[in-house]
Amino acid sequence: MEISRQTPKGITERNRLLLGSIYRNLSGPFSVHEASEVLSLGTSRTRRLLAYLAERGWLVRVHHGLYAQTSIEAAEPSEWRHDPWIVAAKILGPTYYFGGWSACEHWDLTEQVFRTSVVFTTRRVRSTDTEIHGFPIRIRRTALDKMFGLRSVWREQSKLNLSDPARTVIDILDSPELGGGIRHVADVVSTYFDGDHRNDALLANYLQQIGNRSIHKRLGYLIEALDVCAPELRRACVEDMSAGVSLLDPSLPNRGSVDRRWNLRVNAKGLSTNTDR
């Protein structure tokens, strides 16, 4: 049986030449301004042209004022979806990085698959949970001085920013909800200490830079709960942990017993150390 396929509608020779220039000179999502420079056209004329080409299936609109080339393999050009990481990076950059459970997946610190991508950015955003090009994105705003511990990774032809394994662990201890909850965070931390990514000195360095001493409590608690042999790191957690009682998982209700060694309210089941409370 022959499968029907919708093809882009015809365009003039002039517009075909302009489209060819876009395909040759722009890769990944591109803005109206970038296309305007490539085509040597005014912004208003370029905006109308891109909208026209998208309407006829030669381009796809991935965000307000942002377009991308369609795939020749797409059965329905208007439904072609670009890599959401590349689109998000274009919208939220240049000071951004992918982290949380998204980085956990990349570094094989978890086998769990999350549909939503986590991205940190210094930009102000209207909503922390949104969709970009049809894909759910969770956005966390961060300060410029927190943009450390990052690696460059390639997706298609785009170089993107991603938290390195140690920074990923720090971030999900800072906000366990971005690691899938404290029980999943504990699994990730266990995998980190058992794997090739482990770097105690780097982890201790990031602890000092991040500035949230509640992380010291959570890390120290998990080191004991998971029976991890890391005496120097544990000592650093003890020396620099904050005063007062913190929640093991701030996203969960404020209830449960208090671990006095770490000044932590253990508000999640299935996590306990062998130390006296």
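Against the definition (modelled with pLDDT of 95 or more and either open to solvent by less than 10 Å² (accessible area, probe 1.4 Å) or not in a loop (DSSP other than H, G, I, E, B) (or both)), how does PHE193 come out, yes or no?
yes
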Could you please tell me which pairs satisfy a Cβ distance under 8 Å, a separation of 6+ or placement on different chains, a first residue in region 193-208 that is free of Cβ contacts under 8 Å to residues at least 60 places away in the same chain, and a second residue that is of a type in the set (Ser, Thr, Tyr)?
-> ARG198/TYR192
Using beta carbons and a limit of 8 Å, which pairs, at least six apart or on different chains, have the first residue in region 38-51 and farther than 15 Å from ILE11 by Cα and the second one open to solvent by 70 Å² or more (accessible area, probe 1.4 Å) and part of a helix (DSSP H, G or I)?
-> VAL38/ASN25; THR43/HIS33
Restricting region 223-257 to residues that are touching a residue at least 40 places away in the same chain (Cβ under 8 Å) and assigned to a helix (DSSP H, G or I), which is nearest to ALA201 (Cα to Cα)?
-> GLU224
Failed condition for ASP187, given (1) open to solvent by less than 20 Å² (accessible area, probe 1.4 Å); (2) in a helix (DSSP H, G or I), with all others met?
-> (1)
Only one of SER163, SER158 is more than 14 Å from the chain's Cα centre (by Cα) and not acidic (Asp, Glu); which?
-> SER158
Scanning region 58-74 for residues that are open to solvent by less than 20 Å² (accessible area, probe 1.4 Å) and among the aliphatic types (A, V, I, L, M), which turns out modelled with the lowest pLDDT?
-> ALA74
Which of the residues spanning region 262-273 are assigned to a loop (DSSP other than H, G, I, E, B) and farther than 21 Å from VAL169 by Cβ?
-> LYS269
Answer yes if at least one residue in region 109-118 is more than 21 Å from SER27 (Cβ to Cβ), at pLDDT 90 or above, under 13 Å from the mean Cα position of the chain (by Cα) and open to solvent by less than 20 Å² (accessible area, probe 1.4 Å), and no otherwise.
-> yes
Quickly run through region 136-178 and pick out the residues that are assigned to a strand (DSSP E or B), among the hydroxyl-bearing types (Ser, Thr, Tyr) and either surrounded by fewer than 22 Cβ atoms within 10 Å (Cβ to Cβ) or without any contact (Cβ under 8 Å) to a residue 24 or more places away in the chain (or both).
-> SER152, SER158
Mind checking whether some residue in region 90-104 is touching a strand residue (DSSP E or B) at 6+ places or on another chain (Cβ under 7 Å), open to solvent by 70 Å² or more (accessible area, probe 1.4 Å) and free of Cβ contacts under 8 Å to residues at least 24 places away in the same chain?
-> no
Residues of region 178-199 being touching a Gly at 6+ places or on another chain (Cβ under 8 Å) and of a type in the set (Val, Ile, Thr), in sequence order, are VAL185, VAL188
Output the residues belonging to region 176-189 that are over 14 Å from ALA103 (Cα atoms) and not acidic (Asp, Glu).
-> GLY181, ILE182, ARG183, ALA186
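Evaluate the following for LEU226: is it open to solvent by 50 Å² or more (accessible area, probe 1.4 Å) and within 27 Å of the chain's Cα centre (by Cα)?
Judged against the criteria, LEU226 is a match.
The values are calculated or read from the model by the stated rules, or taken from the named source; none is laboratory data. Keep in mind the model is a prediction, meaning the values are calculated, not measured. Using ideal geometry, Cβ is built from the backbone for each residue, glycine included, and neighbour counts are taken over all protein chains shown. Note: areas computed on protein heavy atoms with side chains; ligands, DNA, RNA excluded. Shrake-Rupley method; radii C 1.70, N 1.55, O 1.52, S 1.80 Å.
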